[in-house]
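This report concerns only the one structure given below.
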Amino acid sequence: MTTTSETIRRNYASVQQQIIDACARAGRDSASVTLIAVVKYAEWEWVQALVAMGVTELGESRPQQLIQRSPLLGDEVCWHFIGHLQRNKIRKTLPVAGLIHSIDSLKLLRAVDRVAEELKLTAQVLLQVNVSGEASKGGFAPEELRASWEAVAECRHVTVSGLMTMAPESRDPGEARATFAGLRNLRDELIAAHAGLALPELSMGMSGDLEIAIEEGATMVRIGSRLFEGLER
């Protein structure tokens, strides 16, 4: 009978191979892509199994669960907050989130900047962009981000490390590719327009579209369900 650890190890190896293959097609080093294991629905035993395999980048979308779980694994694990961040959760989230992927408005960015100053830390963040323009998705519109970049740069207690997006829910891979290419192009445009700006990270791609995301320049892929296939809660 296959154990939980063996199932997770097999799934993890499969995803890693997908990353390697996609990088080979794109002429990239596979080390340029970070796999973030999304554990928001994972049993604690499964999380521990991942960490035992050497997975140290974990993604969580629920502030309370992040706050509860983060002290349990030690400093070797970097927690990524990938869900919607409510302003009343900022103060408790900042000290435990190594990177926040989901800063979806200038108002939220300024609130994070203000709390980070009070806590005497620098928050590491990505700006969420609604490249596809879907009403159901949050984030900066591309033209909004272009227009407000000077205001973004005025926030002194955050480091904007890059951009994040989500592809439309569609069976057409071309829609995901257009979205991911759009984020990469926007990043390149911002860098060209602002001297000295570095936005090294592009967080895009999940279990169903990670290969397309990598081909279009993703440096971080957020993988949850693929890692836990074959397990029951």
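The values are calculated or read from the model by the stated rules, or taken from the named source; none is laboratory data. Note that the structure is a prediction, hence the values are computed from the model and not measured. Ideal geometry is used to build each Cβ from the backbone, glycine not excepted, and the neighbour counts take in all protein chains shown. All accessible areas refer to the heavy atoms of the entire protein, side chains included, with ligands and DNA or RNA removed. Shrake-Rupley method; radii C 1.70, N 1.55, O 1.52, S 1.80 Å.
Could you tell me whether Leu202 is open to solvent by less than 20 Å² (accessible area, probe 1.4 Å), more than 21 Å from Ala24 (Cα to Cα) and outside any loop (DSSP other than H, G, I, E, B)? Reasoning before the result, please.
Numbers: open to solvent by less than 20 Å² (accessible area, probe 1.4 Å): yes; more than 21 Å from Ala24 (Cα to Cα): no; outside any loop (DSSP other than H, G, I, E, B): yes.
Judged against the criteria, Leu202 is not a match.
Go through region 162-193 residue by residue and tally those that are under 22 Å from Ala97 (Cβ atoms) and either open to solvent by less than 20 Å² (accessible area, probe 1.4 Å) or among the β-branched types (Val, Ile, Thr) (or both). Full working, then the answer.
Within region 162-193, the subset under 22 Å from Ala97 (Cβ atoms) is 162-166, 183, 187.
From what's left, either open to solvent by less than 20 Å² (accessible area, probe 1.4 Å) or among the β-branched types (Val, Ile, Thr) (or both): 162-165, 183.
Residues flagged as under 22 Å from Ala97 (Cβ atoms) and either open to solvent by less than 20 Å² (accessible area, probe 1.4 Å) or among the β-branched types (Val, Ile, Thr) (or both) within region 162-193 amount to 5.
State yes or no: is Glu43 surrounded by 14 or more Cβ atoms within 10 Å (Cβ to Cβ), more than 26 Å from Glu154 (Cβ to Cβ), under 14 Å from the mean Cα position of the chain (by Cα) and acidic (Asp, Glu)?
Numbers: surrounded by 14 or more Cβ atoms within 10 Å (Cβ to Cβ): yes; more than 26 Å from Glu154 (Cβ to Cβ): yes; under 14 Å from the mean Cα position of the chain (by Cα): no; acidic (Asp, Glu): yes.
The answer is no for Glu43.
What is the number of the single condition among (1) hydrophobic (A, V, I, L, M, F, W, C); (2) out of contact with any Lys or Arg (no Cβ under 6 Å at 6 or more places or on another chain); (3) at pLDDT 95 or above that Leu199 does not meet?
That leaves (2) as the condition not met.
Determine if region 23-39 includes at least one residue that is β-branched (Val, Ile, Thr) and over 16 Å from the mean Cα position of the chain (by Cα).
At the first step, the residues of region 23-39 found to be β-branched (Val, Ile, Thr) are 33-34, 36, 38-39.
Applying the additional criterion that residues be over 16 Å from the mean Cα position of the chain (by Cα) yields none.
For region 23-39, residues β-branched (Val, Ile, Thr) and over 16 Å from the mean Cα position of the chain (by Cα): absent.
Do we have any residue at all in region 110-121 that's surrounded by 14 or more Cβ atoms within 10 Å (Cβ to Cβ) and among the acidic types (Asp, Glu)?
The answer is yes, given that some residue of region 110-121 is surrounded by 14 or more Cβ atoms within 10 Å (Cβ to Cβ) and among the acidic types (Asp, Glu).
Return the only residue of Gly98, Gly74 being exposed (fewer than 13 other Cβ atoms within 10 Å of the Cβ) and out of contact with any helix residue (DSSP H, G or I) (no Cβ under 8 Å at 6 or more places or on another chain). Steps first, please.
Values: Gly98 fails: exposed (fewer than 13 other Cβ atoms within 10 Å of the Cβ).
After ruling out the rest, the residue left standing is Gly74.
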